[in-house]
């Protein structure tokens with residue numbers, strides 16, 4: 001019970017106001033402070049801090065047995081890594097672009113802006129990739 | 001926060017296990033003369049490749065600071081490798 005509602009009820013108990021007046025005051029109070037829907041705080045998701053990659057596979061043909069890869073990388077580390085890309089000299093980017101286009105991947109890395117990559121990382125918390133195969137499964141998600 | 005402990009665990013196919021715990025700060029202090037040389041070498045490399053040494057140092061420090069919580073775990077049959085940074 002909040003403080004204003006308590007004051008209204010105390011005034012009613014002391015006989016300073018009538019029941020009708022108290023009701024009107026409480027209604028006015030509710031109009032001023034609409035109550036948050038139940039569970040709203042719970043629904044607000046906590047920001048994830050890690051990117052997880054989990055790969056499981058069954059026994060391979062080599063007979064090495066089943067395998068598992070479990071990688072957990074802090075998103076902060078991704079951001080730091082992205083900032084490092086700004087240090088790549090332009091002449092290196094030009095050479096990488098030339099090699100990429102020669103390999104049939106016409107991507108211009110000089111057009112890739114750091115801000116865009118950071119935005120991409122910001123939106124990673126929504127990512128949930130789940131690949132299921134009879135022999136293997138891959139899951140990429142944030143937690 | 002700077003990483004405090006790096007744990008490396010290896011399980012070989014014969015079942016033998018190796019666990020290495022590396023306390024980062026004491027090891028860095030112990031290797032500080034070598035680290036200093038490495039930093040100097042890095043600065044020279046930055047100048048050669050026309051990269052700002054200050055920016056590179058800042059970027060490397062950022063990566064180092066962000067690394068706690070990283071965990072790599074690879075398992076195949078009886079062999080396994082785990083690297084964890086705390």
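Report, as an integer, the average count of C-beta atoms from other chains found within 10 Å of each Cβ along A:119-127.
Working: counts 0, 0, 0, 0, 0, 0, 0, 0, 0.
Averaged over the peptide's residues, the number is 0.
Nearest 10 degrees, 0 to 90: what angle lies between the long axis of helix B:53-66 and the longest principal axis of chain B (Cα atoms)?
Around 30 degrees separate the two axes.
Can you give the extra length, in nm with one decimal, that the chain gains between residue A:55 and residue A:131 once fully stretched, where that is 0.36 nm per residue apart less the Cα-Cα distance? Walk me through the numbers before you get to the answer.
Values: separation 76, 0.36 × 76 = 27.36 nm, distance 0.94 nm.
Result: 26.4 nm gained on full extension.
Sum -39500 (n - 2.57) across every DSSP H segment of at least 4 residues in chain B, then divide by the residue count to get the 222 nm mean residue ellipticity, nearest 500. Please list the in-between numbers first.
Values: 3 runs with 38 residues, N = 86.
Mean residue ellipticity at 222 nm (helix-derived): -14000 deg cm²/dmol.
Counting each DSSP H run of 4 or more residues in chain A as -39500 (n - 2.57), what helix-only mean residue ellipticity at 222 nm follows after dividing by all residues, to the nearest 500 deg cm²/dmol? Mind showing how you got there, number by number?
Numbers: 6 runs with 61 residues, N = 143.
Calculated mean residue ellipticity at 222 nm is -12500 deg cm²/dmol.
I need A:130, A:64 ordered by Cβ neighbour count within 10 Å, fewest first.
A:130, A:64
Compute the long axis of helix B:32-48 from its Cα atoms, compare it with the longest principal axis of the Cα atoms of chain B, and write down the angle in degrees, 0 to 90, nearest 10.
Its long axis makes an angle of about 60 degrees.
Enter the mean number of other protein chain beta carbons within 10 Å of the beta carbon of each residue in B:49-55, as an integer.
Values: counts 5, 4, 5, 2, 1, 0, 4.
Taking all residues of B:49-55 together, the mean is 3.
For helix A:19-32, report the angle its Cα long axis makes with the longest principal axis of the Cα atoms of chain A; keep it between 0 and 90° and round to the nearest 10°.
So the helix axis and the longest Cα principal axis differ by about 20 degrees.
Please state the relative contact order of chain B as a whole percent: Cα pairs under 8 Å, 6+ residues apart? Present the calculation step by step, with values, prior to reporting the outcome.
Working: 114 pairs, mean separation 38.9, N = 86.
After rounding, I find 45 percent.
Taken together, the values in this text are just the output of simple stated rules run on the coordinates, not laboratory data. Given the structure is predicted, the values throughout are model-derived calculations rather than measurements. Note: ideal-geometry Cβ built from the backbone for every residue, glycine included; neighbour counts use all protein chains shown.
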